[in-house]
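Working notes, beginning with the structure itself.
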Amino acid sequence: LSQSTFLVFDLEDDSILKAHPALANAASIKMFGELKEKPKVCCHCGKDLTGKKRFKDSVGYWCEACHYSDKNEGMANHKPCDACGRYVEIKKLIAYEGIKICTGCMAERKSRNRKSRWRVTFGSEHEAHEKRTVMVLLAVAVFLLLIMVFASMGWLPAWM
């Protein structure tokens with residue numbers, strides 16, 4: 001054999017064929033029977049899908065009609081979550097504040113409620129709160145100061 005000759009193995013009759021380098025491409029190998037494509041048929045209805053729109057999963061190829069009918073059949077016991085709109089099994093929806101929500105939305109709302117227990121205030125609201133607190137502390141201090149003054153002068157009643 002010369003260097004310009006390629007060996008091609010024929011699967012049909014287990015023989016070795018000689019091919020010229022110009023013929024050593026996918027078309028010539030197909031011609032000799034090396035590359036035989038597995039037929040693409042729907043695993044559900046058996047329709048030939050070669051050259052047509054198809055879907056593939058671990059089972060095999062599915063035609064478009066079988067794919068969508070199987071998908072719709074599985075969605076019969078699903079409803080959308082009222083909060084996010086994602087389709088969830090009906091038994092997994094949780095009633096919360098008068099609506100049916102999924103577990104993800106429930107966890108998000110619980111964490112939001114837990115965080116909002118201590119409200120953050122800004123600006124004038126914070127200043128007004130500080131002013132009220134200072135006034136209450138000032139009133140308590142004045143009251144205690146008066147008690148001390150009255151006690152030192154002896155003006156307090158005997159029961160105190």
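The values are calculated or read from the model by the stated rules, or taken from the named source; none is laboratory data. The model shown is predicted, which means the values in this text are computed figures rather than measured ones. Using ideal geometry, Cβ is built from the backbone for each residue, glycine included, and neighbour counts are taken over all protein chains shown. Only protein heavy atoms, including side chains, enter the accessible area calculation; ligands, DNA and RNA are left aside. Shrake-Rupley method; radii C 1.70, N 1.55, O 1.52, S 1.80 Å.
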Next item on the list: Would you mind stating whether Tyr87 is under 30 Å from Cys43 (Cα atoms) and surrounded by 10 or more Cβ atoms within 10 Å (Cβ to Cβ)?
Entry: yes
Checklist line | Scope the stretch 47-63; condition surrounded by fewer than 14 Cβ atoms within 10 Å (Cβ to Cβ) and either touching a Pro at 6+ places or on another chain (Cβ under 9 Å) or charged (D, E, K, R) (or both); matching residues | finding: Asp48, Thr50, Lys52, Lys53, Lys56, Asp57
Margin query: With the requirement that a residue be of a type in the set (D, E, K, R) and either modelled with pLDDT under 80 or not in a loop (DSSP other than H, G, I, E, B) (or both), what does the stretch 25-45 give you?
Written below: Lys30, Glu34, Lys36, Glu37, Lys38
Check: Which of the following residues is farther than 29 Å from Lys71 by Cβ, at pLDDT 75 or above and not charged (D, E, K, R): Gly98, Gly123, Gly104?
Finding: Gly98
Next item on the list: Could you give me the residue pairs with C-beta distances under 9 Å whose first residue belongs to the stretch 129-145 and is of a type in the set (A, V, I, L, M, F, W, C) and open to solvent by 100 Å² or more (accessible area, probe 1.4 Å), whose second residue is in a helix (DSSP H, G or I) and modelled with pLDDT of 95 or more wherever it lies, and which are 6+ apart or on separate chains?
Entry: none
Item checked: Where a residue in the stretch 87-109 is at positive phi and its partner, wherever it lies, is part of a loop (DSSP other than H, G, I, E, B), with Cβ under 9 Å and at least six apart -> none
Notebook entry, point to check: How many residues are under 21 Å from Glu73 (Cβ atoms) and open to solvent by less than 100 Å² (accessible area, probe 1.4 Å) when one looks only at the stretch 90-110?
Noted result: 2
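So which of Glu73, Glu64 is under 30 Å from Pro39 (Cβ atoms) and touching a Lys or Arg at 6+ places or on another chain (Cβ under 7 Å)?
Step by step, each of Glu73, Glu64 is checked, and only Glu64 is under 30 Å from Pro39 (Cβ atoms) and touching a Lys or Arg at 6+ places or on another chain (Cβ under 7 Å).
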Check: How many residues, within the stretch 61-81, are touching a residue at least 24 places away in the same chain (Cβ under 8 Å) and either under 26 Å from Thr50 (Cα atoms) or of a type in the set (Val, Ile, Thr) (or both)?
Finding: 2
